[in-house]
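Read through the structure below, which is laid out as structure tokens, and then see the notes.
Quick note: the coordinates plus some simple rules give every number you see, no bench work behind them. Model, not experiment: these values are computed from the prediction. A quick note on method: Cβ atoms are made from the backbone with ideal geometry, for glycine too, and the neighbour counts reach across all protein chains shown.
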Amino acid sequence: MTEVEHRFGPFGGRYVPETLMPALVELEEAWVAARNDPAYEAELGILLRDFAGRPTPLYRAERLSELTGGELWLKREDLLHTGAHKINNALGQALLAKRMGKRRIIAETGAGQHGVATAVACARLGLECVVYMGAEDIRRQQPNVERMRLLGATVAPVESGAKTLKEAVSEAIRDWVASVETSHYIIGSAVGPAPFPAIVRDLQRVISDEARAQMLDRTGELPKRVIACVGGGSNAIGGFAAFLEDAEVELIGVEAAGEGLDSGRHGAPLTAGGRPGILHGSLSAIMQNDEGQIAEAHSVSAGLDYPGSGPQHAWLRETGRATYVAVTDADALAAFRRVSELEGIIPALETAHAFAWAMANPGERDLLILSGRGDKDLAEVIARTS
Amino acid sequence: MTGCERIGAAFEQRTGRAALMPYMMACFPDEETSIAIGLSCAANGADLVEVGIPYSDPLADGPVIHEAATQALRNGATVQASLRVAKAVSEAVPTVVMCYANLVLSMGWEAFAAELVEAGVSGLICPDLPLEEAPEALAALDAHGLALVPLVAPTTPDSRLAEIGARARGFLYTVSVAGTTGERSGPAAGIDAVVERARANTSVPVAVGFGISTPEQASSTADAGAEGVIIGSRLIREAATAADPSTAVGLVVKGFADSLR
Ligand SMILES: Cc1ncc(COP(=O)(O)O)c(C=O)c1O
């Protein structure tokens, strides 16, 4: 086993208050011990299989393929328990917390998918759960709020700033600073101080480990391109990880262009090519003004409404190994309907960004990470498109 | 005199049992008033003043300072304006700037250090720049004789505390409780042990901050052996709510100064 990366090129690091430093060291040690422990792997494996529903199918989207003239393969993370890839990470980290003797779990959530996944994992493992969520996201992702409460989690509304994901992460970190000795913070994406980006990637890597084998099994070949939406970047890094060494496979991350990259109202730090900066404990591509004040992101999709990005993505972009593009609110909303009508699959608004790009830029043999389902988005989409 | 020397002298020449270090936020509620607040702190017994630069995402701060920063930024606060405030206050009392790492990184460590010198500031506290990420900052500040003041927490293990203490410049910012900034009632449990542990691991003065909000707490922190006490949220609350912020903050500062006699 290689060591846990703290940096990806220059990106990553640990820019956090001193109070948290010992906890990050402890977390890294616990993670190294866990992943070398067959008992942890076995317990997680059973949970992922029997509780979450892994492996997920690889599905050939017939009508979309017909439309684009290429082959479009979908990795069906939307079929997982709780409806998104977030459960892969939540279960893995909740088990880890239990091993560390931490009985209280903190999480943040944007779309509510990570919050629900964490609430489910905590219910299953008997852990206390507090989920920070921006007041604006509580409004636009109401069904997930009800779900978390039903599962016994406390949903703590966050009223600062734009009341969305960035502020929710900040509040979760502030809670952790005060409760670090008894609590574990299950961060929901491949962001944050080391070792979080590496842990989340390793736990989401199951997406591409399965998909790579499934593609070879079904087509005898690797995909030409892997396409995934990028908020903080967890489904994308999990979808890319097993293909990183396959130089011929193009990796494409799709960010939120919001009202347009030129409008400044977007969530596309990687595509817009901002200066590196520090957000939530790591150095990465972020949205900021000339002085380094963090900018507010904007996206119709709560899960992509984030001014930062995972440090490994910043490095994949810099090295040219992956390419980052962005899709507007309007195009994502159109794709949401199109995919529903053509495939009988209602994708999450986040994933609709990846679909929109894939439909507009057809490839010969694409693998698209269908990160989640769109039930949570119905009310918002109907309100915006009717 | 270098910045480090000015800080050393301020601790040496303190009038109370512990040096009194009020925290103020530059440009809060506005540039001019914040200068008046800083000068009022100096006139009412501050030995040093900590000048915070408003930041959009202050992870180490509780609601009072977070809200003040948000308001300051909404009213147009900038790093340049904040440095002007620091400069004006530095003419009356030694100052240390408190600034989150991204604002410094954005300008560049060397350029930021040069700006601090230009403003007459003596040192810098970066609440999100732990030991491991600090070498570049330390080199840049050392080159200008400025103090990079590190923080230690109750969660910091002994071996790490020794490492941080050895590299501390100016003073060792000792966080009294695990948590963000904010007022807390009652004496911080185990403050004697916190101070003793810090003092055993560094040769610079130990100043305690986070949660000290009454003169009684300040006094017992001095009794515990702290060579400095830092008062933050209590004063920001005063600045946020008083009709005449500089006078009101000055009065509160005087109360703290009296408790440290
Ligand atoms: C279904 C779905 N896809 C994607 C994302 C974006 O997160 P990430 O970039 O970490 O995969 C979210 C976040 O909430 C989500 O719910």
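Things worth noting here:
- In chain A, the convex hull through the Cα atoms has an average projected area of 17.0 nm², a quarter of its surface area.
- Dimensions in Å of segment A:159-199 - Rg and Dmax from alpha carbons: 10.9, 30
- Computed 3J(HN,Hα) for segment A:358-371, one whole-Hz value per residue from the Karplus formula 6.51 cos²θ - 1.76 cosθ + 1.60 where θ = phi - 60°, is 5, 6, 7, 10, x, x, 6, 8, 9, 10, 10, 7, 7, 5, glycine and proline marked x.
- Residue order, fewest to most beta carbons within 10 Å, for B:ILE37, A:ILE187: A:ILE187, B:ILE37
- Whole-Å semi-axes of the ellipsoid equivalent to segment B:49-117 (Cα gyration tensor, √5λ, descending): 19, 15, 11
- P(r) for segment B:20-259, from all Cα pairs and a bin width of 5 Å, is 1, 7, 16, 20, 21, 18, 11, 5, 1, 0 %, short bins first.
- For A:GLU221, A:GLU146, order by how many other beta-carbon atoms lie within 10 Å, fewest first: A:GLU221, A:GLU146
- Which of B:ARG74, A:ARG147 has the fewest Cβ neighbours within 10 Å, and the rest in rising order: B:ARG74, A:ARG147
- Calculated on alpha-carbon atoms, Rg and Dmax of segment A:255-334 in Å: 11.9, 37
- Pairwise Cα inverse-distance average, inverted: Kirkwood Rh of segment A:1-96 (Å): 16.5
- Among A:ILE294, A:ILE369, A:ILE278: highest mean-square fluctuation, GNM of chain A, C-alpha pairs under 10 Å: A:ILE294
- Percent RCO, i.e. relative contact order, over segment B:20-259, from Cα pairs under 8 Å lying at least 6 residues apart: 22
- Residues A:ARG103 and A:ASN36, FRET efficiency given R0 of 22 Å [Cβ-Cβ distance, rounded to 0.05]: 0.40
- The mean of 1/r over all pairs of different alpha-carbon atoms in segment A:257-386, once inverted, gives a Kirkwood hydrodynamic radius of 15.4 Å.
- Annotation: average projected area of the protein assembly as shown is 27.1 square nanometres, based on the convex hull of Cα atoms across all directions.
- When Rg and the Kirkwood radius Rh are both evaluated on Cα atoms of segment B:180-261, their ratio Rg/Rh stands at 1.01.
- Kirkwood-based Rg to Rh ratio, segment A:336-378, C-alpha trace: 0.96
- Förster radius 30 Å - calculated FRET efficiency between B:ALA143 and B:LEU251 (Cβ-Cβ, nearest 0.05): 0.15
- Using the alpha carbons alone, the radius of gyration of segment A:56-108 stands to its Kirkwood radius in an Rg to Rh ratio of 1.26.
- Calculated FRET value between B:GLU32 and A:ARG139, using beta carbons and R₀ = 41 Å, to 0.05: 0.60
- Whole-Hz couplings from phi, Karplus 6.51/-1.76/1.60, listed for segment A:373-386; x for Gly and Pro: 9, x, 3, 4, 9, 3, 4, 5, 5, 5, 4, 8, 10, 9
- Part-to-part distance (alpha-carbon centres) for segment A:83-131 and segment B:6-24, which is given in Å: 46
- Cβ charges +1 (Lys, Arg) and -1 (Asp, Glu), total dipole of chain B, debye: 420
- Spherically averaged projected area in nm², based on the convex hull that wraps the Cα atoms of segment B:1-147: 8.3
- Model label sites at A:GLU159 and A:ALA383, defined 7 Å from Cα along the beta-carbon direction, differ in position by 2.0 nm.
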